[in-house]
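A quick write-up on the structure given underneath.
Nothing in this text is a laboratory measurement; each read-out follows from the coordinates by a stated rule. This is a predicted model, so every value here is computed, not measured. FYI the Cβ positions are ideal-geometry reconstructions off the backbone, even for glycines, and counts take in every protein chain you see.
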């Protein structure tokens, strides 16, 4: 069950839209904080890849999508799942290895998918979801579904062959696809300066004959506006767009990260560019929300996460008994 | 009844066209599968029959092609993806082994990948080390893949139709040397399926059980015929699908013959056929054996180029014959 029907449209088009944009950014922030807390308290095992600081990108992109439009996501995928409408309890339950989790405890943080909200899944392999999104877009075109497929990936994935091959396929077949790069500056410890010989990642679009656009990935409005143009283009049959959303992850790559490759000052600079207060100020200025409403929305997000954690903690642990039967889908007679 | 003697290429094409006609969501994509008709002529005239919307020529981009097939399979289509040589699946292995094979399990059953990856494998064409491998164990060792190795046109047709029906990813390994030769048996008309996971007892005998895969079934069959004239009678079993593997006919046969020989084209070390030996060793039928299990497999070398070197690298009919005669004569 998805938690909320998705609200589509410009984040400042109405109070409802502004409320949605803020609520979903806050849900992502609070979810990630809860995950960090559960890890810190030893209640979660494995690893985690937090997207704190990056909330505007998936929220803005997904406000241009219908629930039928599809996404593929990454190892840092909690935000994409939430922005597309995933159920918070089932997400937390998956991370806690519970039977009611999205994957029944078999996938964990890096493999949450949600068919009901068009989420084809997070991915543990950098770039792994990009050709899959191209295939989803191919199916949309062949079946005349009128839907678009968005692949979220990081700057690191842009140097994978999978990016290149999928971008080229999408371009030559004019697939309804969006290649959405969250450029958070680092592929684990490798900075974009070290990993690219070009300054502007959007230039890569030219190499495939498709538009490449830069947006401020910490500005949900700017992300939405670029996303809507790309969605319109894709749905008109004009082919894919490469969007480079410049953003930053406040936390380390994963829990083993000691931040040896970047400075405290750099992290502090980006914390000042927090997408949430930036949007609150704008929504209040444009009279879409009041300060009281914004406070209430933030509290609502917190309450939703707390409720999800409480429910998930109580749920039944995943059972190894069914593992062998879970490898293949049953062949129907 | 039919007495149609088709080649494996014709039988595979016939299965694909039946599936195309039955289900609008079936399509074919791969390098040169369109106007060219496929590097080995398997898709043939399908491009002209079904058009460029269902027979998709792709750039040379195996990872992208297989990934696109996975994504399309997740989204309501049933792709058949042709990889021009099985060796090139190495380029696509993330999508095969990390994505297609694991999605159903890893995502808790939320999604599944009804995709068939067809690819020619094997040596004997003088194409040397990067165009001649037998990679059965690569795929058989990945949980989540079904792996089919047809040895003749009639099986290829029925197994491919079942593979296209299957809701899971299927790796369909076709041997190049079988593409252009007719099988021993006619290929039935119609759309009959051969279920995956059911071995075939090709012929029955009382002195020796041979389990062989792919082209080695054909080579072993010739040996069975020849030795029958000498009074040695052999049971020949073709697993047909190596994942899942049907061992029951092997156990039953060994209980009668007391001797087991296994034959594969790929290198012996960590080869698929070793799984047959391992399962036999752990079974209650093991006690029926009166001879050590004989393994014939490829040498542990890359496939070489020159004809005499290439032949030396994989079991030939003479090797199978000598080994079969020896095990029956020496162990009584």
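Odds and ends about this structure:
- Whether region A:179-333 is rounded, prolate or oblate, judged on the alpha carbon gyration tensor where a/c under 1.5 counts as rounded: rounded
- The protein assembly as shown: antiparallel DSSP beta bridges as a percent of all, rounded to 5: 15
- Residue order for B:251, B:36, B:179, fewest other beta carbons within 10 angstrom first, comes to B:36, B:251, B:179.
- Computed from the alpha carbon atoms alone, the convex hull of region B:1-138 holds 140 Å³ per residue.
- Calculated P(r) tail over 15 Å for region A:79-121, as whole % of Cα pairs: 27
- The largest-to-smallest principal axis extents of the Cα set in region A:73-171 are 40, 31, 20 Å.
- Per-residue [θ]222 nm for chain B (sum of -39500 (n - 2.57) over DSSP H runs n ≥ 4, rounded to 500): -10000 deg cm²/dmol
- The order of A:276, A:28, A:172, going from fewest to most other C-beta atoms within 10 Å of their C-beta, is A:172, A:276, A:28.
- Sorted into 10 angstrom bins from 0, the C-alpha pair distances of the protein assembly as shown split as 3, 15, 23, 22, 16, 11, 6, 2, 1, 0 percent.
- Remark: region B:200-330 is approximated by an ellipsoid whose semi-axes, taken from the C-alpha gyration tensor as √(5λ), come to 23, 18, 13 Å, largest first.
- Cα centroid separation - region A:249-307 against region B:67-140, whole Å: 42
- A P(r) calculated from all alpha carbon pairs of region A:121-254, with 10 Å bins opening at zero, reads 13, 46, 34, 7, 0 percent.
- Arranged from fewest to most other beta-carbon atoms within 10 Å of their beta carbon, B:241, B:209, A:263, A:302 become A:263, A:302, B:241, B:209.
- Coarse-grained scattering of chain A at q = 0.10, 0.13 Å⁻¹, given as base-10 log I(q)/I(0) from a Debye sum over alpha-carbon atoms: -0.55, -0.96
- Folded to 0 to 90 degrees: helix B:215-228 orientation relative to chain B principal axis, Cα: 30
- Whole-Å semi-axes of the ellipsoid equivalent to chain B (Cα gyration tensor, √5λ, descending): 34, 21, 19
- Three-way shape call for region B:264-332 based on the alpha-carbon gyration tensor, with the a/c threshold at 1.5: oblate
- Compared with the dominant Cα axis of chain B, that is its longest principal axis, helix B:248-257 is turned about 20°.
- Cα-based Kirkwood hydrodynamic radius, region B:237-284, one decimal, Å: 11.4
- Of all DSSP beta bridges in region A:15-317, antiparallel share, percent nearest 5: 15
- Using alpha-carbon coordinates, inclination of helix B:62-74 to the longest axis of chain B, degrees: 80
- For region A:98-160 versus region B:266-332, the gap between their alpha-carbon centres in whole angstrom: 43
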